[in-house]
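The values are calculated or read from the model by the stated rules, or taken from the named source; none is laboratory data. Here the structure is a predicted model, which means the values were calculated and not measured. Quick reminder, even Gly has a Cβ in these numbers, built from the backbone with ideal geometry, and neighbours come from all protein chains shown. What goes into the accessible areas is simple: the full protein's heavy atoms, side chains included, and nothing from ligands, DNA or RNA. Shrake-Rupley method; radii C 1.70, N 1.55, O 1.52, S 1.80 Å.
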Amino acid sequence: MHETLHMSDRRIFLRSSLLSSLALLVNKNATADAHMPSIKGKPIVISTWAPNEKANAEAWKVLEQGGKSVDAVEAGVQIPEGDPEDQSVGYGGLPDRDGFVTLDACIMNEKGDCGSVMFVESIMHPIKLARLVMDKTPHVQLVGEGALQFALANGFKKEQLLTPEAEKEWKKWLKEAKYDPMIIPDLLENKTQRGQQNNHDTIGMIAMDANGDLSGACSTSGMAFKMRGRVGDSPIIGAGLFVDNEVGAATSTGVGEEVVRICGSHTVVELMRQGNSPEQACKKAIQRLIKLRGDKVKELQVCFIAINKKGEFGGYALQKGFTFAVHSNNGSKVYTAKSIYQ
Ligand code: SD4
């Protein structure tokens, strides 16, 4: 596992340096797992994809003050949701094939409370709406028109989420109008049209607070140029996100249809329950998918990240190029996950 250290907030880091030193002492004595990064402890927040270091930093503001993990992930996920440059989440997300930006999000806390919204239009922060579904309704999931109605009744405002850049990408795509979720890793680096389409930046964020409680949140505009009404794994509890406060939490990114087939995040958590490290659990879930699907997933990307109750974390992907960001008392780091296919 390669890592790149970014001290995203030196002030915060210094303030927590005592805790950091303690964590280092603990780590020195911990049994080394060859597949596991060496930072452990709490609080900690981990997100899919390197650019979500910024989201982690926002979540960290809550965690370092002793706040709850559910509040941290809700705050963190709002960063990419509000960022017009992130074309996979919220405002600025690439639209469906008819030119509509439709959003999916979910949230889950340490008590098994959860909320989810799917196929929502015109709401910039679907994660806030998912939280409201969790806190204020007897339900877990609200979809489309109903979710929008609930949002407007609770003070959310309708906003135009299609940016001129995303509209331009859509118009370029319309020339061939071919939906193709295949991943070509080289293009992940280069933002070509196809690279954009496949540059999965969906945010899945999982965190453990100072109290040791786990929560998670996930938010996406889904696969670019999808069919109208299509929903992937991200807002589905058990697929895109799962939290079991006795064991750990997991979340996913990549081609949602494939994650749903193996109930991915729940599978990862159950594999941790069986004694696997977070990285081993993510790897075994990916291997299960390959066993099930064989060549059908050879060119698709599916990625998981996970954290356990000890604050150990890890990730694994089908294809190379998956990065995840971790923020702990040791500061912010980006890791490149191992993958089955190189
Ligand atoms: C989906 N899992 O809707 C999402 C896509 C994704 O970065 O992860 N994009 O299938």
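Quick check on my link table: of K168/K226; K309/K333; K171/K298; K54/K333, which ones sit more than 18 Å apart, alpha carbon to alpha carbon?
In this structure, K309/K333; K171/K298 exceed 18 Å between Cα atoms.
Under 17 Å from a point placed 7 Å out from the Cα of E85 along the Cα-to-Cβ direction: which residues of the stretch 126-165 have their backbone N that close?
Answer for the stretch 126-165: 163-165.
Near the amide H of G238, under 5 Å away, which other amide H atoms are found, from residues 5 or more places off or on another chain, if H is placed in the peptide plane?
HN-HN under 5 Å from G238: H266.
For the stretch 319-342 and the stretch 247-293, write down the distance between their C-alpha centroids in whole Å.
16 Å
If you average 1/r over all unlike Cα pairs in the stretch 31-146 and invert the result, what Kirkwood radius do you get in angstrom? Present the calculation step by step, with values, prior to reporting the outcome.
Working: mean 1/r = 0.0650 Å⁻¹.
Result for the stretch 31-146 stands at 15.4 Å.
How far, in nm, would the chain grow between E246 and N211 when pulled straight, counting 0.36 nm per residue and subtracting the alpha carbon separation?
Between E246 and N211, full extension yields an extra 11.3 nm.
Put a dot 7 Å past each Cα toward the Cβ at K61 and L174; how far apart are the dots in nm?
Modelled inter-label distance: 3.8 nm.
Kindly report the accessible area of the stretch 189-337 per residue (heavy atoms of protein chains, probe 1.4 Å, no ligands, DNA or RNA), in Å².
30 Å²
Please find the FRET efficiency linking R288 to E159, where r is the Cβ-Cβ separation and R0 is fixed at 35 Å, and quote it to the nearest 0.05. Present the calculation step by step, with values, prior to reporting the outcome.
On the way: r = 40 Å, r/R0 = 1.13.
Efficiency for this residue pair is about 0.30.
Straight-line reach only, C-alpha to C-alpha below 14 angstrom: list the aspartates and glutamates that K284 could link to, leaving out same-chain residues fewer than 8 apart.
E270
Near P51, within a Cβ-to-Cβ distance under 12 Å, what is the net charge of the other residues, with Lys and Arg +1 and Asp and Glu -1?
Numbers: positive: K54; negative: E53, D83, E85, D86, D201.
Cβ neighbours under 12 Å give a net charge of -4.
Would you work out what percent of the accessible area of the stretch 258-334, with all protein chains in place, is carbon or sulfur (probe 1.4 Å)?
46 percent
Under a straight-distance cross-link criterion of Cα-Cα below 16 Å, which lysines are reachable from K158, leaving out those fewer than 8 residues away in the same chain?
K128
How much length is gained if the chain between D98 and R261 is pulled fully straight, taking 0.36 nm per residue apart and subtracting their Cα-Cα distance, in nm to one decimal?
56.1 nm
Using θ = phi - 60° and the Karplus curve 6.51 cos²θ - 1.76 cosθ + 1.60, what whole-Hz ³J(HN,Hα) does each residue of the stretch 251-266 get, with Gly and Pro shown as x?
So the J values, rounded to whole Hz, are 8, 9, 8, x, 6, x, 4, 6, 5, 4, 4, 10, 6, x, 5, 5.
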